Structure formats: structure tokens, C-alpha cells
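Structure first, commentary second.
The values are calculated or read from the model by the stated rules, or taken from the named source; none is laboratory data. Remember, it's a predicted structure, so these values are computed and weren't measured experimentally. Cβ placement follows ideal geometry from the backbone for every residue including glycine, while neighbour counts extend to all protein chains displayed. Note: areas computed on protein heavy atoms with side chains; ligands, DNA, RNA excluded. Shrake-Rupley method; radii C 1.70, N 1.55, O 1.52, S 1.80 Å.
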Amino acid sequence: MRIVQKFGGTSVADVDRIRNVAQKVKREVDAGHEVAVVVSAMAGTTNQLVKWTNDILKAQKYPDPREYDVVVSTGEQITTGLLALALQDIGIPARSWMSWQIPVRTDDAFAKARIESIRGEEMIADMKKGVVAVVPGFQGVTAEGRVTTLGRGGSDTSAVALAAAIKADRCDIYTDVDGVYTADPRIVAKARKLDRITYEEMLESASQGAKVLQVRSVEMGMKHHVRIQVLSSFSDAPGTLIVDEDEIVEKALVSGITYSRDEAKITVVKVADRPGVAAGLFGPLSDANINVDMIVQNVSDDGKTDITFTVPKADKERAVDCIKGLKASIGYEAIKSDSNVVKLSVIGVGMRSHAGVAQRMFKTLSDKGINIQVISTSEIKISVLIAEEYTELALRALHTAYGLDGE
Ligand code: ADP
Ligand code: ASP
Ligand code: MG
């Protein structure tokens, strides 16, 4: 068998942990498998590197994304070399492959690049000789040979893309929890580990804030039918397998509850209620590359309407600046913005065939006196925006209300 193992930041946080990873790799090698290992930077390293790219600037507001990538991609180079050394040290032939050596080709959307192709012929030839390939997550290279990174949490995507490219039989994502839970186990103590979750639910969960897997890694796994498993670096407990819907016999109504603190709310007060206003507002935001997520519109008697929507927290200021420039074209009375919000989402494929799921969410929150500010739904999820201070209370109450609590 050929397998890809991926180890996240906490799993390679120091040399002892890297040696522990080497043992996990050794086990697969001893079992006779061809192994490629993808590693993240040591926990905290990428944050430090990002900070430096900002600290260095006096006159400019944002770093040039090409040089940003040159800096932030380096954390993974360190752990790649160290793991190759740790493997050699316990008698396992291993070598590092930087992204440009494989190469992992991406587009040139620096800081959020997408993988376009992975060649890997020489790497595979080397693996066939019994040499473990150690590969940095998160980084790629453009057709012009410039270094890119894939966005925060991108090592998951590196691993799944590599697994697809080298036709691996399995892609094991090792992290600091032993699988995918019904809610973030660091917040909801009664969260339960799932043995299996569908790609679709995992995709929705990741998009709605469960950072255990980067969204694109799930998309990639779904598209290329990669067998992904999430499991712990620190124990031997069985993990969570991501599977197609028909591989799950008993479908739960709700598979999980997620939260995202990454959104900010913006209200444009009293715009004219006439055709073209929404287009006149959201068009320029989209041109400015700002993703709008949830939207509500309220019409009042005087023919005016309030439009409320959410954007990524990091883009709030830019969004407000952009709307200020639209005063003449769409006309409004005021702009209000609020970063103290959290989006909670209830996710489950069972929702397609059952009514009342949303109602249970609204009732549970109202019983706790929590006001819902914005609602949005898709086929398999319901999201609400509430005040951030209620995050824990609301998550735990919903977890209980949907019967998800474990021991
Ligand atoms: P890594 O560094 O290994 O990539 P991450 O920190 O990116 O690890 O992802 C693992 C974290 O995801 C866990 O520590 C956990 O707090 C968080 N998490 C959020 N939601 C979930 C969930 N539903 N199941 C498991 N972990 C979750
Ligand atoms: N080191 C990168 C980050 O912190 C990529 C990753 O760990 O997945 O975002
Ligand atoms: Mg991660």
C-alpha cells in the first residue's frame, strides 16, 4: 500500500514530538507500506512569521504577498528537514522534498494559492526504493518558480492533494484530537467522536468553522475519492473516517454543531427599496474580493430598507470603506458594523428529509434568552448569527437539544 501521513503543528511542536512522529511513520514502513509524510510548521511558528511580515513595515499597510509567502512558507521547511533527520536516526531511509523539487505547482494567488498539479515522478521512484518522502505542507511554487502558500491550515490540502496525485490508498491526518467530533471538544466537553462522517457534512462543517480540516482539503478529497482519516498523534485511538453517504447505514439527523468567530456584521441603514440596490451594494464588494456570507433585508413602511450581512472579520474595515464610496449611487443613512458576533451552524444530511430541525434551534436559543440576528440555510445546514458572548452557552445547549451529548 501507498499512504500519505500528515502531521499538524502541535504534532511537530518540538524535537521530542518530531521523534514521536518518526515512530508513527516507522510503524507504517515496518508494515511494508510506501510512505509520504506531509508536515506543518511547529505550532506557533507560522503566526510568528506572519507577525514579522507586518512588523517590518513602517510606510506600507500590507506586505507584498510574494514576499509574505517567502517568509511564512519557511516554517514547514524546518520541520521537513528535522523529520527526515529523525527518521534517518532510527534507521529509516528518508529524504525531504521541497515543493519546488516535486514540484507542487500552484496558481499565482499568493497567500491563498490553489494547487494546479503535482508531478512527483522522481519522488515516487524514490519511494519505491523504500525511501520515505518528507514533504512540507502549505507551500507550492508557481509556473514562474515563485514560492506560494495555500492559506492558513493549508497543510491538510497539501496532504490530500499529494495523496490524490500519487494515488495513495489512504491519507491519514494526524492532529491533536483523536478525530472529528460532534462539536469542538475544547468547548463542548460532552462532544462525541464520530466514527464516520460524510464528505458533504465534513465540507459543510469545515466551511462553517470546524478547523480540524481545511475546507479545500475536503473538497479535494471528495473530488478525487481520497480515503481520508482524522486521528491523533498522541494516542492509538481509532479516528474518524470520511466516507460517501451510502457508506453510512444509520444517518443521524444532525452530525455536528460548529461555530465561527471569523465573521463581522455590517448593516447599511435605510437604503431605497428599489431594484438594483442589492446589486449596487454587493457588486462592488465582490469586485473588492470581499466574500459576503449571510444576508437579511428588512423593508420598513417608508419605502426604505435595512440590509444586514456578514463578511470575514479581517475584511470589515475594507468593506465599510468600500460602502462609504457607494453613498452617491445607492444612498443610505448610516453604516453600522459589529465584530462581536459568532455564527453557529447545525449540520446534518438527515435534514434533507426531516422537518423541524430549524425550529428546534430557534426554540433552544430563545429558551436561553439568546437573540438571533441573522439566519441562513442550505440543504444540510442552518446557521444563525448571535452575540459572541453566548458562544459556549449556545453551543452546549444546542448540543444537548439535538441529542448529541456523550458521556
Ligand atoms: P493541526 O495543527 O493538527 O492542523 P488544528 O488546530 O488545525 O490542528 O485542528 C485541530 C483542532 O480543531 C482541534 O484541536 C479542535 O480544537 C478543533 N476543532 C474544531 N471543531 C472540531 C471538531 N468538530 N472535531 C474535532 N476538532 C475540532
Ligand atoms: N503552518 C500553516 C498554518 O499554520 C499551515 C498548517 O499548519 O496547516 O496555517
Ligand atoms: Mg490545521
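Table for the structure above
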| quantity | calculated |
| --- | --- |
| The one condition in (1) modelled with pLDDT of 95 or more; (2) more than 23 Å from the chain's Cα centre (by Cα) that residue 329 fails to fulfil | (1) |
| Unmet criterion (only one of (1) of a type in the set (A, V, I, L, M); (2) farther than 24 Å from residue 295 by Cα; (3) touching a residue at least 12 places away in the same chain (Cβ under 8 Å)) for residue 249 | (3) |
| Residue in the stretch 129-171 that is surrounded by the fewest Cβ atoms within 10 Å (Cβ to Cβ), counting only those that are within 9 Å of ligand 2 (Cβ to nearest atom) and among the β-branched types (Val, Ile, Thr) | 157 |
| Breaking point among (1) more than 24 Å from the chain's Cα centre (by Cα); (2) under 20 Å from residue 255 (Cβ atoms); (3) in contact (Cβ under 8 Å) with a residue 60 or more places away in the chain, for residue 373 | (2) |
| Test result for residue 314, hydrophobic (A, V, I, L, M, F, W, C), at pLDDT below 95, open to solvent by 60 Å² or more (accessible area, probe 1.4 Å) and more than 21 Å from the chain's Cα centre (by Cα) | no |
| Filter result for the condition that a residue is of a type in the set (Ser, Thr, Tyr) and either away from ligand 2 (no atom under 14 Å from the Cβ) or open to solvent by less than 20 Å² (accessible area, probe 1.4 Å) (or both), over 175, 240 | 240 |
| Residue 201 being acidic (Asp, Glu), within 11 Å of ligand 1 (Cβ to nearest atom) and in a helix (DSSP H, G or I) | yes |
| Every pair of residues 6+ apart whose Cβ atoms lie under 6 Å, when the first sits in the stretch 43-59 and is under 29 Å from residue 176 (Cα atoms) while the second is more than 16 Å from ligand 1 (Cβ to nearest atom) and assigned to a helix (DSSP H, G or I) | 49/71; 53/68; 53/71 |
| Residue count, the stretch 30-42 (criterion: surrounded by fewer than 22 Cβ atoms within 10 Å (Cβ to Cβ) and either within 21 Å of residue 175 (Cβ to Cβ) or hydrophobic (A, V, I, L, M, F, W, C) (or both)) | 2 |
| Tally of residues being closer than 29 Å to residue 297 by Cβ and either in a helix (DSSP H, G or I) or acidic (Asp, Glu) (or both) across the stretch 373-400 | 10 |
| Failed condition for residue 223, given (1) without any contact (Cβ under 8 Å) to a residue 60 or more places away in the chain; (2) part of a strand (DSSP E or B) | (2) |
| Residue check for residue 270: basic (Lys, Arg), touching a residue at least 24 places away in the same chain (Cβ under 8 Å) and closer than 30 Å to residue 405 by Cα | no |
| The stretch 12-53, residues that are under 22 Å from residue 140 (Cα atoms), assigned to a helix (DSSP H, G or I) and either more than 14 Å from ligand 1 (Cβ to nearest atom) or not aliphatic (A, V, I, L, M) (or both) | 45, 46, 47, 48, 49, 50, 51, 52, 53 |
| Any hit, the stretch 184-200, residues being within 13 Å of ligand 2 (Cβ to nearest atom) and in contact with a strand residue (DSSP E or B) (Cβ under 6 Å, 6 or more places away or on another chain) | no |
| Some residue of the stretch 220-228 being hydrophobic (A, V, I, L, M, F, W, C), open to solvent by 50 Å² or more (accessible area, probe 1.4 Å) and more than 16 Å from ligand 2 (Cβ to nearest atom) | yes |
| Pick from the stretch 321-334, criterion surrounded by fewer than 16 Cβ atoms within 10 Å (Cβ to Cβ) and in contact (Cβ under 8 Å) with a residue 12 or more places away in the chain, ranking: farthest from residue 266 (Cα to Cα) | 329 |
| Subset of the stretch 78-100 (residues that are under 18 Å from residue 41 (Cβ atoms) and without any contact (Cβ under 8 Å) to a residue 60 or more places away in the chain) | 78, 80, 81, 84, 85, 96, 97, 98, 99, 100 |
| Residue check, residue 53 polar (S, T, N, Q), open to solvent by less than 70 Å² (accessible area, probe 1.4 Å) and over 26 Å from residue 229 (Cβ atoms) | yes |
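Yes/no per residue for (1) open to solvent by 90 Å² or more (accessible area, probe 1.4 Å); (2) among the aromatic types (Phe, Trp, Tyr); (3) at pLDDT below 95:
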{"site": "57", "(1), (2), (3)": "no, no, no"}
{"site": "62", "(1), (2), (3)": "yes, yes, yes"}
{"site": "69", "(1), (2), (3)": "no, no, no"}
{"site": "79", "(1), (2), (3)": "no, no, no"}
{"site": "89", "(1), (2), (3)": "yes, no, no"}
{"site": "97", "(1), (2), (3)": "no, yes, no"}
{"site": "100", "(1), (2), (3)": "yes, yes, no"}
{"site": "106", "(1), (2), (3)": "no, no, no"}
{"site": "115", "(1), (2), (3)": "no, no, no"}
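Every residue, every condition in (1) farther than 22 Å from residue 385 by Cα; (2) buried (at least 18 other Cβ atoms within 10 Å of the Cβ), yes or no:
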| site | (1), (2) |
| --- | --- |
| 266 | no, yes |
| 270 | no, no |
| 273 | yes, no |
| 281 | no, yes |
| 291 | no, no |
| 295 | no, no |
| 298 | no, no |
| 304 | yes, no |
| 308 | no, yes |
